[in-house]
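The values are calculated or read from the model by the stated rules, or taken from the named source; none is laboratory data. Keep in mind the model is a prediction, meaning the values are calculated, not measured. Here Cβ is always computed from backbone atoms with ideal geometry, including for glycine, and neighbour counts include all displayed protein chains.
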Amino acid sequence: MFDDVLRKLEAIEPLIDAVNKEEITALSHFLYERIVHPDSYVVFLGETSSGKTSIINGFVKQDILPVKAIPTTAAITEIDVVDSSQDESYLAIFKDARVKLLNKEEFLRLCESPTPDLERLRLTIPSDENALPGLKLFDTPGFDSIVQEHEEVLKEFIPNADSIVYVVNYRTGILRQSGIEDNDFVFLGMLKELIRKDVEIILLINRCPQGTVISDRRVKEICGYAHDLLGTEPEVLLFEDVSPSGPNQHALPFNEELSVYLKRYLHSESRLCHLEEAFDSYVKELYLNCDKILRARYASALLSDEDNNAIIEAEKEHAARIRESINTIIEPTFQDLIATIPRKIDQAKAEINKDIERSLSETDRGDMDEMIAFTNAHLLPFTIGAVSKNIVIDYIEVVLTDLNNRLEDLIQKEILEFNNQVSVRLNSNLEVASMNLANKLLQETGKNALGKYFIQYGGMGGANAGVANAASHLLKEAGDLFGKTFSRETHNALKHALKKIGATSMKAVGAAIAVVVELVGVAYQYAVWKVKLAKKIRKGVDAWGENTIPSVQKDLLKLKEANINTIWAVASDIETSFEEDVSHDADLYEKQVRLSDSLGYLFN
Ligand SMILES: Nc1nc2c(ncn2[C@@H]2O[C@H](COP(=O)(O)OP(=O)(O)O)[C@@H](O)[C@H]2O)c(=O)[nH]1
Ligand SMILES: [Mg+2]
C-alpha cells in the first residue's frame with residue numbers, strides 16, 4: 001500500500017546494516033512492521049453507560065466485553081477484529097511495555113478492575129465478515145465528571161484518535177437541559193480541544209425508538225447541540241434500542257451502517273495520506289540518523305586519538321551544559337508560572353462575572369428556567385472559554401513562548417559551539433574532500449526525535465507493544481517534544497499544550513453548570529430571579545475557578561516533565577554523536593558515507 005515509502009526503507013537497508021547498532025536495527029524492523037501493517041485508531045467515546053461497550057459487542061456479534069450499568073474504574077480496551085486465520089487472544093499491555101498473554105477469565109477480571117500498572121487490554125477477535133485489518137477499535141471507560149481518573153486517562157489517550165465514534169443515548173444524551181448528568185456537553189467541549197482537525201467524528205445515537213429516522217425531532221436536537229459544541233457537522237448513525245436475547249444476556253445493538261462506515265474509513269484517501277506522510281518522515285529520520293552516525297565514524301577514523309578524545313570531552317561538556325538548563329531555566333519558569341495561576345484565574349473570574357451579568361441584565365427572557373438553560377448551554381461555556389483564553393491561556397502562551405526561545409537559544413549556542421570545536425579539528429586535520437564528506441553530520445546534531453518516540457512507545461522492548469499509532473504520532477510527538485526547537489514542530493507543540501490546558505478549563509465548566517442547575521424548578525418572583533441567578537452564577541464561576549486552578553497546575557507540571565525529557569533527549573543526542581573506540585578503517589567508512597550520500601536524493 002505504501003510502496004514508495006517501503007522502497008525508501010529498503011533502499012537504506014545497507015546503511016542500517018553498516019551502522020550495525022542494535023537500536024537502529026530494531027527501529028527499522030519496527031518501522032517496517034508498521035508500514036506493512038499500518039494502524040489507525042477508532043476511539044469510542046461517550047458518557048458512561050451510553051452503550052459504547054454494548055455497541056462493540058454488537059459489532060462483533062458476541063457478548064464478550066463486560067457491560068456495566070454503573071461507572072467503575074476501567075481501562076482502555078483495544079479490539080482488533082481479524083480474519084479467521086488468526087486465533088482469539090487476550091492480552092494485557094503494561095505501562096513498562098511488558099505484554100502478557102491472558103486467559104479469558106483473567107482478561108475479564110482486568111477489564112472490570114484494572115491494576116495500576118496496566119496500560120491497556122487487547123482483545124483479538126476473528127471474524128471473516130467484519131475483519132478490519134489495520135483498524136483498532138478502542139473501548140474507553142467513558143466520561144464521567146465524578147470519576148477523575150477517567151478524565152486523566154481520556155485526556156492522555158484522545159489525542160491518539162484518528163477517528164471517533166461518539167455515542168450518546170437517544171433519551172438521555174446531550175443536554176436534557178436539566179443538569180449534572182449532562183456530561184456530554186462538557187465532554188464534547190473538551191474533545192474539540194484534544195483532537196486533530198482532520199479527525200472524523202461520528203455521532204452514534206444509541207437506543208433510538210424503533211423506526212426513528214434522521215429527520216426525527218429529537219435526533220435533530222441532538223445533532224444541533226453536537227454541531228454547536230464541535231463546530232462541525234458530524235456524520236450520524238442511528239442505533240435502535242434492542243432487547244437482550246435472553247434472561248442472562250445483554251443487549252447487542254447493531255446497525256450495518258457502522259461496519260459500512262468503518263470499512264469506508266479503512267480505505268479512505270485521507271487516512272492513507274496521513275499514514276503515508278507519517279511513515280515518510282520516519283524513514284527520512286531513520287536515514288538521517290544513519291547518515292550522521294556513519295559520518296561521525298568516518299571523521300573519527302581520520303582523526304588522531306587525541307582529537308577524538310577532545311571531541312568526546314566536548315560532547316560531554318556541552319551535553320552537561322544543556323542539562324543545566326533544567327535547573328536554571330525550566331524549574332524556575334514553571335515554578336513562577338504555576339504560582340501565578342491562581343491570580344490569573346481570579347482575574348478571569350471577575351471578567352467572566354462582569355460579562356455574564358451584562359448579558360443577564362440585557363436579556364428579555366422572562367422565564368428563569370429558560371434563562372438557566374441558556375446560561376448553562378451558552379453563557380457559561382462561551383464566556384468562560386473566551387475569557388480564560390484571553391486572560392489565562394494567552395498569558396501561559398507568552399511565558400511558554402519565552403521559555404521556548406530561551407531554551408532554543410541555549411541549545412543552539414551549545415550545538416554551535418560543539419560543532420565549531422569539531423569543525424576546527426576536522427579543518428586542521430583533514431583534506432578538503434574528506435572534510436566535505438564528514439561535515440554534513442554537524443547539521444543534524446540534536447535532532448534525533450525518532451529514537452525517543454520508539455523507546456517511549458515500546459518499539460524496542462516488545463515490538464507491537466507500542467501504544468502510539470503512526471498517524472497520530474506526528475501530533476503526539478510534537479506535544480512530547482515541546483521545547484525541542486528546531487522546526488515548525490515547536491509551534492504545533494505549543495499549540496497542542498495550550499489546547500490541553502484549554503480543555504482542562506472547559507472541563508471545569510461542568511462544575512459551574514452544576515451549581516447553576518441547583519436553581520432549576522425553584523420558583524422565584526419575577527422581580528428577584530435575575531438577582532438570584534446572578535448570585536448563583538457567581539458561585540458557579542467560583543466553582544469553576546476552584547476546579548481549574550489545581551487542574552491547570554497539574555497540566556503545567558506535566559508540561560514541565562515533557563520539557564525536561566526533551567532537554568535530556570537533546571543532550572543525549574549531542575553526547576552520542578561521536579562514539580568512543582571507533583576503528584581506524586577510514587576506507588570502509590568513506591565507502592559507507594559515499595553510499596549514504598548517493599541515497600540522499602530519496603529524501604529531498
Ligand atoms: N435494552 C437495551 N439496553 C442497552 C442497549 N444498549 C446498551 N444497553 C444497556 O445499557 C447499559 C450500559 O451499556 P454499556 O455498553 O455498558 O455502556 P458504556 O458504559 O458506554 O460502555 C448496559 O446495561 C447495557 O446492557 C440497547 O440497545 N438496549
Ligand atoms: Mg463500557
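Take D573 and tell me if it is among the acidic types (D, E), in a helix (DSSP H, G or I), touching a residue at least 24 places away in the same chain (Cβ under 8 Å) and crowded, with 20+ Cβ neighbours inside 10 Å.
Working: among the acidic types (D, E): yes; in a helix (DSSP H, G or I): yes; touching a residue at least 24 places away in the same chain (Cβ under 8 Å): yes; crowded, with 20+ Cβ neighbours inside 10 Å: yes.
Yes: the conditions hold for D573.
Looking at the range 60-80, I want the residues that are under 10 Å from E112 (Cα atoms) and of a type in the set (A, V, I, L, M, F, W, C) and have a partner that is at pLDDT 90 or above and more than 9 Å from ligand 1 (Cβ to nearest atom) with Cβ atoms under 6 Å, at least 6 apart or on another chain. Which pairs are those?
A75/L121
On the basis of being more than 16 Å from ligand 1 (Cβ to nearest atom), surrounded by 18 or more Cβ atoms within 10 Å (Cβ to Cβ) and either closer than 30 Å to Y32 by Cα or free of Cβ contacts under 8 Å to residues at least 24 places away in the same chain (or both), does E200 make the cut?
Criteria met by E200.
Of the conditions (1) of a type in the set (V, I, T); (2) in contact with a Phe, Trp or Tyr (Cβ under 7 Å, 6 or more places away or on another chain); (3) at pLDDT below 95, I56 clears all except one; give me its number.
So I56 meets the others, but not (3).
Condition (residue is within 16 Å of ligand 1 (Cβ to nearest atom), over 23 Å from the mean Cα position of the chain (by Cα) and assigned to a helix (DSSP H, G or I)) applied to the range 235-257: is it met by at least one residue? It would help to see each step written out before you state the result.
Taking the range 235-257 as the starting set, the residues that turn out to be within 16 Å of ligand 1 (Cβ to nearest atom) are 237-257.
Imposing the further condition that a residue be over 23 Å from the mean Cα position of the chain (by Cα) reduces the set to 237-257.
Applying the additional criterion that residues be assigned to a helix (DSSP H, G or I) yields 256-257.
Looking for residues that are within 16 Å of ligand 1 (Cβ to nearest atom), over 23 Å from the mean Cα position of the chain (by Cα) and assigned to a helix (DSSP H, G or I), one finds at least one in the range 235-257, hence yes.
Restricted to the range 159-183, and to residues that are within 16 Å of ligand 2 (Cβ to nearest atom) and at pLDDT below 75, which residue is surrounded by the fewest Cβ atoms within 10 Å (Cβ to Cβ)?
Within the range 159-183, the match that is surrounded by the fewest Cβ atoms within 10 Å (Cβ to Cβ) is T172.
Among the numbered criteria (1) closer than 27 Å to H274 by Cβ; (2) within 16 Å of ligand 2 (Cβ to nearest atom), which single criterion is violated by P38?
Only one criterion in (1) closer than 27 Å to H274 by Cβ; (2) within 16 Å of ligand 2 (Cβ to nearest atom) is unmet by P38, namely (2).
Please list, ordered by first then second residue, the pairs with beta carbon atoms under 8 Å, 6 or more apart or interchain, first in the range 416-430 and farther than 16 Å from N309 by Cα, second surrounded by 14 or more Cβ atoms within 10 Å (Cβ to Cβ).
The qualifying pairs are E417/H318; N427/M435; L430/A299; L430/L302; L430/L303; L430/A438.
When only residues in the range 79-98 that are surrounded by fewer than 18 Cβ atoms within 10 Å (Cβ to Cβ) and either of a type outside the set (D, E) or closer than 18 Å to P66 by Cα (or both) count, which is modelled with the lowest pLDDT? Outline the logic, then answer.
Of the range 79-98, the ones surrounded by fewer than 18 Cβ atoms within 10 Å (Cβ to Cβ) are 83-89, 94-96, 98.
Cutting the leftovers down to either of a type outside the set (D, E) or closer than 18 Å to P66 by Cα (or both) gives us 84-86, 88-89, 94-95, 98.
Details: S84: 90, S85: 92, Q86: 91, E88: 93, S89: 95, F94: 83, K95: 77, R98: 80.
Among residues in the range 79-98 that are surrounded by fewer than 18 Cβ atoms within 10 Å (Cβ to Cβ) and either of a type outside the set (D, E) or closer than 18 Å to P66 by Cα (or both), the one modelled with the lowest pLDDT is K95.
Residues that are in contact with a Lys or Arg (Cβ under 8 Å, 6 or more places away or on another chain), at least 1 per element: which helices (runs of 4 or more DSSP H) completely within the range 306-419 meet that?
On the way: elements: 331-362, 368-374, 380-388.
In the range 306-419, 331-362, 368-374 are the helices (runs of 4 or more DSSP H) which contain 1 or more residues that are in contact with a Lys or Arg (Cβ under 8 Å, 6 or more places away or on another chain).
Just name the residue that is nearest to E257 (Cα to Cα) out of those in the range 49-61 that are surrounded by fewer than 24 Cβ atoms within 10 Å (Cβ to Cβ) and near ligand 2 (Cβ under 10 Å from one of its atoms).
N57
Quick one: which of I55, I24 is in a helix (DSSP H, G or I), within 8 Å of ligand 1 (Cβ to nearest atom) and either without any contact (Cβ under 8 Å) to a residue 40 or more places away in the chain or not small (G, A, S) (or both)?
Testing whether each residue is in a helix (DSSP H, G or I), within 8 Å of ligand 1 (Cβ to nearest atom) and either without any contact (Cβ under 8 Å) to a residue 40 or more places away in the chain or not small (G, A, S) (or both) leaves just I55.
Checking the condition modelled with pLDDT of 95 or more and over 16 Å from F44 (Cα atoms), which residue from D228, D241 passes? So that I can check it myself, show each step before the final result.
On the way: D228 fails: modelled with pLDDT of 95 or more.
Just one listed residue meets the conditions, D241.
Can you go through E156, E119, E152 and tell me which one is in the same structural domain as L45 (by TED's automatic domain parsing), closer than 20 Å to S49 by Cβ and more than 16 Å from ligand 2 (Cβ to nearest atom)? Before you say what the answer is, go through the steps one by one.
On the way: E156 fails: closer than 20 Å to S49 by Cβ; E119 fails: closer than 20 Å to S49 by Cβ.
Selected residue: E152, the only one of E156, E119, E152 that is in the same structural domain as L45 (by TED's automatic domain parsing), closer than 20 Å to S49 by Cβ and more than 16 Å from ligand 2 (Cβ to nearest atom).
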